[in-house]
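Below is one structure, written out as structure tokens, with a few remarks after it.
The values are calculated or read from the model by the stated rules, or taken from the named source; none is laboratory data. The shown structure was predicted, so the numbers you read here are calculated from the model rather than taken from an experiment. Backbone-built Cβ (ideal geometry, glycine too); neighbour counts: all protein chains shown. Heavy atoms of the whole protein, side chains included, go into the accessibility calculation; ligands, DNA and RNA do not. Shrake-Rupley method; radii C 1.70, N 1.55, O 1.52, S 1.80 Å.
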Amino acid sequence: MKRVKLLGIGCLLFLVSLAWAQEDRIGFPKDYQKTFQFYHATNNEERKTLREIWINSAGAKTEPGKSFPHGTVIIMLGYRSKSQDGQPLKDDQGLYVKDALARIDVMRKEKGYGTIYGDAQSGEWEYNTYNPRGDVIPGEAKRCAQCHQDALATDYVFSAEKLPPK
């Protein structure tokens, strides 16, 4: 009987931790094409994908060299690239020619955010990765936080200098 109780408690704890791990505090921005501003595109040479970066109005008002305000949401769309003979095609600007949307990475800055990443915390930003349908792709958020630690000088945003002038 004692084993059954312990097993039951263990299962309950597992389910609670699973539910917590899947909490989506970021929220998939469904109408980003209408409500966000596109501001930068770049190649991801490692993945052979094109990245498009979009920002909401709160973040777009950020002055160069200043921190982003709480409420800022930045989206990075990851497109597969079209290829020919196994090589990705590029346009006249050297950017990969986009094919199907593969993933949507979203970062959101809010007061008190980021502590869930422990040593990997990058300011008050939290992250999530979604598939094109808007479902969370698990296991990516902490990796995003770790990587963005390298952008401390620009409030953890790699493309901050690419924002359009005010």
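Miscellaneous remarks
- Hits in segment 67-89 - residues which are free of Cβ contacts under 8 Å to residues at least 12 places away in the same chain, open to solvent by 80 Å² or more (accessible area, probe 1.4 Å) and of a type outside the set (S, T, N, Q): Asp85
- Exclusive hit being more than 25 Å from Glu23 (Cα to Cα) and either polar (S, T, N, Q) or at pLDDT 95 or above (or both), set Arg103, Arg80, Arg108: Arg80
- On inspection, Pro88 does not qualify as modelled with pLDDT under 95, touching a strand residue (DSSP E or B) at 6+ places or on another chain (Cβ under 7 Å) and not hydroxyl-bearing (Ser, Thr, Tyr).
- A single entry from Asp119, Asp85 fulfils the requirement of being out of contact with any helix residue (DSSP H, G or I) (no Cβ under 9 Å at 6 or more places or on another chain), among the charged types (D, E, K, R) and more than 22 Å from Lys30 (Cα to Cα): Asp85.
- Residue check for Ala145: without any contact (Cβ under 8 Å) to a residue 40 or more places away in the chain, touching a Ser or Thr at 6+ places or on another chain (Cβ under 8 Å) and not in a loop (DSSP other than H, G, I, E, B): yes
- The condition of being open to solvent by less than 40 Å² (accessible area, probe 1.4 Å) and without any contact (Cβ under 8 Å) to a residue 60 or more places away in the chain holds for only one of Tyr96, Tyr113, that being Tyr96.
- Sole residue being out of contact with any Asp or Glu (no Cβ under 6 Å at 6 or more places or on another chain), surrounded by 14 or more Cβ atoms within 10 Å (Cβ to Cβ) and of a type in the set (Asp, Glu), chosen from Glu52, Glu63: Glu52
- Annotation note: of Gly134, Gly123, Gly118, Gly139, the sole residue that is open to solvent by less than 30 Å² (accessible area, probe 1.4 Å), more than 25 Å from Leu163 (Cα to Cα) and not in a strand (DSSP E or B) is Gly134.
- All positions within segment 63-115 that are in a strand (DSSP E or B) and of a type in the set (D, E, K, R): Arg80, Lys90, Lys98, Asp99, Arg103, Asp105, Arg108, Lys109
- Scope segment 58-88; condition more than 17 Å from the chain's Cα centre (by Cα) and polar (S, T, N, Q); matching residues: Thr62, Ser67, Ser81, Ser83, Gln84, Gln87
- Screening Arg51, Arg47, Arg80 for residues that are closer than 26 Å to Gly114 by Cα and basic (Lys, Arg) leaves exactly one candidate, Arg51.
- Arg25 fulfils the conditions (1) in contact with a helix residue (DSSP H, G or I) (Cβ under 9 Å, 6 or more places away or on another chain); (2) open to solvent by less than 50 Å² (accessible area, probe 1.4 Å); (3) in contact (Cβ under 8 Å) with a residue 40 or more places away in the chain except for a single criterion, (2).
- Candidates Lys34, Lys2 - the one that is over 20 Å from Ser159 (Cβ atoms), basic (Lys, Arg) and modelled with pLDDT of 95 or more: Lys34
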